[in-house]
Amino acid sequence: MFVSGFTIVRNAIKYDYPVVESILSLLPICDEVVVLVGKSEDETLALIEEIGSDKIKIYHSIWDDSLREGGKVLALETDKAKKLVNPKADWCFYIQADEVVNDEYYGQIKDAMKQYKDDPEVEGLLFAYQHFFGNFNYVAKSRGFYRHEIRVVKNQASIQSYKDAQGFRKNGKKLKVKKIEAEIFHYGWVRTPEIMKKKIKDFHQLWHSDSWIAEQEKAINQFDYSEIDSLMLFKGKHPDCMQNRIRVKNWDYKPQFNQKHNSLKDRLLFWFEQTTGYRIGEYKNYKLI
C-alpha cells in the first residue's frame, strides 16, 4: 500500500499557520508528502525546506488572485497538488495548513486504509474534527463548526476538491465514505486577535469583491473572540508535534460569549444536539456507507 499526503500553503509565517506541524503529522503514515508552495510574501518556502524529510516533495505555484468567488482558488491549488502525487499511490491524504492529525489514531487510520484499499465502493475516509478556538485550551462546540470531513481519498483523477477545498467530490457527486475512529485537530482559530484580524481581512479577497470588502471593513477590523456561543475546556492531549508550538504560542485567552448568538432557538438546538448527538440541518458533503 502506498499513501501520498498532499497540502498547499502560502504566507504561512505571515498568518502564523502551523504548517510544519501539519506536515510532520502526516509523515508517519505517508510514503511521500507533496507540498505545493504558493509564491509568498515571507519565508514560507524556507520554512518547509527546513523540515528536512526525504519524504517531502516541494513544488511551486502562483495563485490566481483574480479568482474571488467562493474561495475557488483554494480548490484549484488543492487539485494541482493532488495531481502531483505519485501515480502508484492507493490513497491520497489531504491536510490543510492549519490542521494536524491526532497521532493517537495512526493505527486506526492505517488499518482502515488497508481494509478498504481494494473496496471499489469506498471512495474516501471520514474524520472527526476538533476545532480549537482562542487558544489551545478550548474547543468550539458551536453549531457553526463542521463535525466531520473527508481527508483521505482514493487516487482517482475524477475525485476533485470541492468549492473552497473543504471537501471532495467525484464527477460532481458526493463521495461514498467510511467513517473511521480518527480525529483531525483544526487550529485555524488559534491566533492572537491581531494576527487573526490580518488573516480574516486578507482572506476575504479569496471570496469577495473589493467593494464588498470596503463595505465590511469596519466589521472585519473589529474581529474579536466573543463571536462564539459555546466552548468546552479541552482535557485531551495535543499531538506530540504540537507541543513546542503550544509552549511558545499559547496566549492568555479568557472566553467571553456574545449573547446575540444565544437565542431560545439556538439554545434548544444546542440542547437537542448535546442530548441526542444529532445535529438538525447538518451539512454533509459525503455519503456514509
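The values are calculated or read from the model by the stated rules, or taken from the named source; none is laboratory data. The structure presented is a predicted model; accordingly, all values stated were derived computationally and were not measured. Neighbour counts are summed over all protein chains in view; Cβ atoms, including those assigned to glycine, are modelled from backbone coordinates with ideal geometry.
Listing for the model above:
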item: Residue within the stretch 151-170 that is surrounded by 18 or more Cβ atoms within 10 Å (Cβ to Cβ), under 17 Å from the mean Cα position of the chain (by Cα), at positive phi and assigned to a loop (DSSP other than H, G, I, E, B) present; result: yes
item: Residue 25 closer than 24 Å to residue 196 by Cβ, small (Gly, Ala, Ser), out of contact with any strand residue (DSSP E or B) (no Cβ under 6 Å at 6 or more places or on another chain) and at pLDDT 95 or above; result: no
item: Out of 66, 61, sole residue that is farther than 17 Å from residue 24 by Cβ, of a type outside the set (A, V, I, L, M, F, W, C) and in contact with a strand residue (DSSP E or B) (Cβ under 9 Å, 6 or more places away or on another chain); result: 61
item: So residue 130, is it surrounded by fewer than 16 Cβ atoms within 10 Å (Cβ to Cβ), of a type outside the set (D, E, K, R) and either touching a residue at least 24 places away in the same chain (Cβ under 8 Å) or assigned to a strand (DSSP E or B) (or both); result: no
item: Given (1) assigned to a strand (DSSP E or B); (2) surrounded by 22 or more Cβ atoms within 10 Å (Cβ to Cβ); (3) of a type outside the set (S, T, N, Q), number of the condition residue 21 does not satisfy; result: (1)
item: Tally of residues being touching a residue at least 60 places away in the same chain (Cβ under 8 Å) and assigned to a helix (DSSP H, G or I) across the stretch 44-75; result: 4
